[in-house]
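Working notes for the structure below.
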Amino acid sequence: MKRSYLYAAVFLFLPAVLWAQFSLADLPRLKDYESERASSYDRTGGNHDYVSVDPGQTVTIFDSDGPGEIRHIWTTIPGWSEIYVHQKVVIRAYWDGEKDPSIETPIGNFFGLAFGVPPVFQSALITVNPVQALNSYFPMPFRTHARITITNEGSKQITDYYWNID
């Protein structure tokens, strides 16, 4: 009987505890961390805020020492790159010196897309906006180091690959 009460208490209070980690009421409160961003911005100060990715090429889009946590990834791939391009670009994430990636999947699958034209949809952790703006809000903590790469496994160059990771 005591276990039933324990399970009932956990069932009732666990959602509140989990929600408190992401509470909007905490937004104006000062926290002890620095927010940083990795992006495809033009390092020369110009307006070339993207990279071109040749077939077979791997590009590191995030490389940071920790501890830290990725809270948001935004990216877009132009639809004219190649048919089914979202299935031909592979995203890989390595945490804390891993040799093999913890995440290794076509970028379309990572953002909840199937084949063809990306649908517009929103969920708690993924948003696909018009004109192929892909957003993920998965909290991804790391202790010592994080690295994220994308690889073009298609047969055509991706001319305008943009990203922001924060």
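Does segment 75-123 hold any residues that are among the aliphatic types (A, V, I, L, M), assigned to a loop (DSSP other than H, G, I, E, B) and crowded, with 20+ Cβ neighbours inside 10 Å, and which are they?
Within segment 75-123, the subset among the aliphatic types (A, V, I, L, M) is 77, 83, 85, 89-91, 93, 103, 107, 113-114, 117, 120.
Going one step further and asking which of them are assigned to a loop (DSSP other than H, G, I, E, B), we end up with 77, 83, 113-114, 117, 120.
If the condition is that a residue be among the aliphatic types (A, V, I, L, M), assigned to a loop (DSSP other than H, G, I, E, B) and crowded, with 20+ Cβ neighbours inside 10 Å, then I77, L113 are the ones that fit.
Which of the following residues is in contact (Cβ under 8 Å) with a residue 60 or more places away in the chain and farther than 21 Å from P55 by Cα: E82, E69, E98? Before the answer, list the steps.
Details: E82 fails: farther than 21 Å from P55 by Cα; E98 fails: in contact (Cβ under 8 Å) with a residue 60 or more places away in the chain.
Among E82, E69, E98, only E69 is in contact (Cβ under 8 Å) with a residue 60 or more places away in the chain and farther than 21 Å from P55 by Cα.
Select from segment 102-127 the residues that are of a type in the set (A, V, I, L, M, F, W, C) and closer than 22 Å to E69 by Cα and list them in ascending order.
Once the filter is applied, which keeps residues that are of a type in the set (A, V, I, L, M, F, W, C) and closer than 22 Å to E69 by Cα, segment 102-127 yields I103, I107, F110, F111, A124, L125, I126.
Can you tell me which residue in segment 124-137 is nearest to F62 (Cα to Cα), limited to those that are of a type in the set (S, T, Y) and part of a strand (DSSP E or B)? Give the steps one after another, and end with the answer.
Of all residues in segment 124-137, those of a type in the set (S, T, Y) come to 127, 136-137.
Adding the requirement that they be part of a strand (DSSP E or B) leaves 127, 136.
Values: T127: 20, S136: 15 Å.
Out of the qualifying residues, it is S136.
Return yes or no: is I91 out of contact with any His (no Cβ under 8 Å at 6 or more places or on another chain), closer than 18 Å to N164 by Cβ and β-branched (V, I, T)? Spell out how you get there, then give the answer.
Working: out of contact with any His (no Cβ under 8 Å at 6 or more places or on another chain): yes; closer than 18 Å to N164 by Cβ: yes; β-branched (V, I, T): yes.
Against the criterion (out of contact with any His (no Cβ under 8 Å at 6 or more places or on another chain), closer than 18 Å to N164 by Cβ and β-branched (V, I, T)), I91 qualifies.
Just give me the residues in segment 73-93 being closer than 15 Å to T151 by Cα and small (G, A, S), in sequence order.
If the condition is that a residue be closer than 15 Å to T151 by Cα and small (G, A, S), then S81, A93 are the ones that fit.
Values quoted throughout were computed directly from the atomic coordinates according to the rules given, and no laboratory measurement underlies them. The structure displayed is predicted, hence computed values, not measured ones. Please note: Cβ atoms are built from the backbone with ideal geometry, for glycine as well, and neighbour counts cover all protein chains shown.
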